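Taking it in order: structure first as structure tokens, then the write-up.
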Amino acid sequence: MVTDQGLRGIFPPSPETVESAIVNNRDVLARMADQDLQRFWEDQAKEFVWFEPWTKVLDESNPPFYKWFVGGVTNIVYNCLDRHVQSWRRNKLALIWESESGEQRTFSYHALSREVCMFANVLRSMGVRKGDRVTIYMGRIPELPIAMLACAKIGAVHSVVYGGFSVEALHGRIEDSRSNVVITCDGSFMNGKIVELKAIVDEALKRCATVEHVIVVKRTGQPVVMENGRDYWYTELMNLPIARTASGASRCETEEMDAEDPLFMLYTSGTTGKPKAILHTHGGYMVGVATTLKWVFDIKEEDRYWCTADPGWITGHSYIVYGPLLLGTTSFMYEGAPTYPYPNRWWSLIEKYGINIFYTAPTAIRGLMRFGEAWPNRHDLSSLRLLGSVGEPINPEAWRWYYEVIGKSRCPIMDTWWQTETGMFMITPMPETPLKPGSASKPFPGIEAQVVDENGKAVAAGEEGYLVLKRPWPAMLRTIYNDPDRYVNQYWARFPGMYFTGDSARRDEDGYFWIIGRVDDVIKVSGYRLGTAEIESALVSHPTVAEAAAIGLPHDIKGNAIYAYVILRSGVEPYEGLPDELRAHVGHEMGPIARPEKITIVNQLPKTRSGKIMRRVLKARAQDLPEGDLTTLEE
Ligand code: WTA
């Protein structure tokens, strides 16, 4: 990781950028929101179709269980699809997709809506009802957003599990969500290889019994086992009369949803125990996501927008699927790896499809930077107007490369700080914001962020502290599915009255925020969020392991890499190849992204007297850094 503090200074936007931007009065908007937060968000909510208007914008009577647009009735899918289909956007492209092998598919708003309607009919006919949970575990293909939208259209709650996760991660998420239906593919293509998704589903389902139906999209064509009465091919279902109305039309009534009805749950890693499902809703999430996307990425009617994330993470939910469709945007989606077959794939796609707005992650930039400028320089990238970054702090060297080599020093970089829990951008530049490389700049209008000390008191400018948010926002998580106590304890207990982000940060004299990183047991590997607890429990599930501790250490490309320490069960002698076997085991249970870089077999782990592993001590030792306060250490 490049740690140089270089690249100081401010990069102001060009006068043309400011002049043409949808929002170029950020400070005015921020002041308006400060004066009347509810009115500010109410004005944004009026951009959408509501079947019934709200009676109250924000209900703060039972904190931290805030409610937005109380009494309002809508459906996010109505605003993503139905209303566009009734307008001139009917024939506008909603989605352009390219496979790893170069095959192309496009969907107009009409075509996308039609597919969603038919699949929604299929789900309904299988008995899926409002409030039911459906797990989606797929590769990056158009049927993934189609499945999400079809669920939301009929009021079912989708739980997308990232296609890079594996058996135990999938099993835990299906079981916790109590899904009756799983939607998957035979396999997915990544880097020229097949990931056997259906086989992983089969193995996961052996460990849980709630699932009645599995719907399988054929993507790779490799042989899979189809269990009679449980497993169905997507295409076959879509060709049945159940995909249509009684009169044979490919239409489907959109369910009317209360603004506070759940839209989706998304599992993310936390400090302890099993992963938790963050719950988002139809109304507030819709308003927050669309407003932030429009103002920050300055999306105009004629733009082509590409977010490289996977729909299986929050970035994909908010800014590949829901946000762009709410705005009636044309999005591009690519199935595969950025280096397939060569490291110019992304740059060639930007040129081929004339992408104007490009949103990616620092880890990807660092990974592609390594192949040199010649790859992007072979392509005409002049269509680009705005760039974006998310997932971790962007180091100065990567920022410079992104800005100069990809954006040709013309395109501002929107370094957006936010979380699965926040649903929408929280601290972010807008096109008019003068940029400081490495800083996500300032809170979005209506958002109040602060850096505080142990006691919740604001620290002075320049000092490091805990990042908290002080006012509710419409796309905020409503709870942790089935675990409201954990919601309160995890986010609202440490600093009463404030939402604790789990991040540390500094704020400089100009009010710019500099995110430092996680202060809990979450590790960001290549921008992916993983919990030490899940990795440790995968290790302990191996017959030779008694105890395990996982930590993140700095890595040049991934940002952080996982290192694990294990104590073997008594009587087990370490043998050659055991560490590799354990790494493979974690890969099999959790997925390749969770596979530790290195596993060390030890006799002891540093613990507090109460038996808690002191990962901070392991981290310091691994890096030859001072071990800090050891008064609670038992060793
Ligand atoms: C980190 C991803 C610095 C941060 C949208 C946060 C960032 C966690 C940035 C959430 C950024 C995200 N600069 N750090 N621009 N964006 N983070 O839930 O630590 O996968 O708490 O959501 O990513 O990760 P999550």
Handout entry: Residue match in segment 521-537 (condition: open to solvent by less than 50 Å² (accessible area, probe 1.4 Å), at pLDDT 95 or above and of a type in the set (S, T, N, Q))
Key = no
Fill in the blank from the handout: Checked pairs for segment 87-111, first open to solvent by 20 Å² or more (accessible area, probe 1.4 Å), second among the acidic types (Asp, Glu), C-beta under 9 Å and 6 or more apart or across chains, list as 89/301; 92/301; 101/335; 103/335; 104/98; 105/98
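Just give me the residues in segment 264-278 being touching a Gly at 6+ places or on another chain (Cβ under 9 Å) and either open to solvent by 10 Å² or more (accessible area, probe 1.4 Å) or modelled with pLDDT of 95 or more (or both), in sequence order. Reasoning before the result, please.
Our first condition is that a residue be touching a Gly at 6+ places or on another chain (Cβ under 9 Å); within segment 264-278, this holds for 266-276, 278.
Answer for segment 264-278, where residues must be touching a Gly at 6+ places or on another chain (Cβ under 9 Å) and either open to solvent by 10 Å² or more (accessible area, probe 1.4 Å) or modelled with pLDDT of 95 or more (or both): 266, 267, 271, 272, 273, 274, 275, 278.
Listed here are the residues, each with its yes/no results for (1) assigned to a helix (DSSP H, G or I); (2) small (Gly, Ala, Ser).
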{"position": "110", "(1), (2)": "yes, no"}
{"position": "115", "(1), (2)": "yes, no"}
{"position": "120", "(1), (2)": "yes, yes"}
{"position": "151", "(1), (2)": "yes, no"}
{"position": "158", "(1), (2)": "no, no"}
{"position": "171", "(1), (2)": "yes, no"}
{"position": "189", "(1), (2)": "no, no"}
Fill in the blank from the handout: The one condition residue 533 fails out of (1) in contact with a helix residue (DSSP H, G or I) (Cβ under 7 Å, 6 or more places away or on another chain); (2) outside any loop (DSSP other than H, G, I, E, B) is (1)
Exercise for the section: Being closer than 19 Å to residue 234 by Cβ and in a strand (DSSP E or B) is the filter here, so list the residues in segment 85-105 that pass it. Expected result: 95, 97, 105
Completion exercise
Subset of segment 462-477, residues within 16 Å of the ligand (Cβ to nearest atom) and charged (D, E, K, R), comes to 464
Completion exercise
In segment 420-432, residues that are within 16 Å of the ligand (Cβ to nearest atom) and open to solvent by 10 Å² or more (accessible area, probe 1.4 Å) total 1
Fill in the blank from the handout: Restricting attention to segment 488-518, the residues that are more than 22 Å from residue 532 (Cβ to Cβ), outside any loop (DSSP other than H, G, I, E, B), more than 13 Å from the ligand (Cβ to nearest atom) and open to solvent by 30 Å² or more (accessible area, probe 1.4 Å) number exactly 2
Practice task
For residue 407, indicate whether it is open to solvent by less than 20 Å² (accessible area, probe 1.4 Å), in contact (Cβ under 8 Å) with a residue 12 or more places away in the chain and away from the ligand (no atom under 16 Å from the Cβ).
Solution key: yes
Practice task
Those residues that are in a strand (DSSP E or B) and open to solvent by 40 Å² or more (accessible area, probe 1.4 Å), I need them from segment 122-135; list them, please.
Solution key: 133
Handout entry: Options 281, 292; residue that is away from the ligand (no atom under 13 Å from the Cβ) and either under 16 Å from residue 320 (Cα atoms) or crowded, with 21+ Cβ neighbours inside 10 Å (or both)
Key = 281
Practice task
Give the residues of segment 144-193 that are at pLDDT below 95 and of a type in the set (Ser, Thr, Tyr), sorted by residue number.
Solution key: 166
Practice task
Would you point out the residue of segment 379-399, among those that are surrounded by fewer than 18 Cβ atoms within 10 Å (Cβ to Cβ) and within 24 Å of residue 295 (Cα to Cα), that is nearest to the ligand (Cβ to nearest atom)?
Solution key: 383
Practice task
Kindly indicate whether any position in segment 438-461 is more than 10 Å from the ligand (Cβ to nearest atom), open to solvent by 20 Å² or more (accessible area, probe 1.4 Å), closer than 30 Å to residue 46 by Cβ and assigned to a loop (DSSP other than H, G, I, E, B).
Solution key: yes
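Look at residue 585 and say whether it is open to solvent by less than 50 Å² (accessible area, probe 1.4 Å), touching a strand residue (DSSP E or B) at 6+ places or on another chain (Cβ under 6 Å), within 30 Å of residue 197 (Cβ to Cβ) and not small (Gly, Ala, Ser).
no
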Exercise for the section: Starting from residues that are aromatic (Phe, Trp, Tyr) and within 27 Å of residue 57 (Cα to Cα), keep the ones in segment 466-487 and report whichever is surrounded by the most Cβ atoms within 10 Å (Cβ to Cβ). Expected result: 473
Exercise for the section: Output yes when any residue across segment 622-633 is buried (at least 17 other Cβ atoms within 10 Å of the Cβ) and without any contact (Cβ under 8 Å) to a residue 60 or more places away in the chain, and no when none is. Expected result: no
Exercise for the section: Determine which member of the set 210, 235 is at pLDDT below 95 and polar (S, T, N, Q). Expected result: 210
Exercise for the section: Just one of (1) more than 16 Å from the ligand (Cβ to nearest atom); (2) over 16 Å from the mean Cα position of the chain (by Cα) trips up residue 297, so point out which. Expected result: (1)
Exercise for the section: Any residue in segment 484-510 that's closer than 12 Å to residue 452 by Cβ: show its pairings with residues that are more than 14 Å from the ligand (Cβ to nearest atom) and part of a helix (DSSP H, G or I) at Cβ separation under 8 Å, as long as the two are six or more apart or on different chains. Expected result: 498/492; 499/492; 500/492
Completion exercise
Among (1) part of a strand (DSSP E or B); (2) open to solvent by 50 Å² or more (accessible area, probe 1.4 Å); (3) touching a residue at least 60 places away in the same chain (Cβ under 8 Å); (4) within 20 Å of residue 115 (Cβ to Cβ), residue 232 falls short only on (3)
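The values are calculated or read from the model by the stated rules, or taken from the named source; none is laboratory data. In this text the structure is predicted, and so the values were computed from the model without any measurement. Cβ coordinates were reconstructed from backbone atoms using ideal geometry, including for glycine residues, and neighbour counts include every protein chain displayed. Accessible surface is based on the protein model in full, side chains and every heavy atom, while ligands, DNA and RNA are left aside. Shrake-Rupley method; radii C 1.70, N 1.55, O 1.52, S 1.80 Å.
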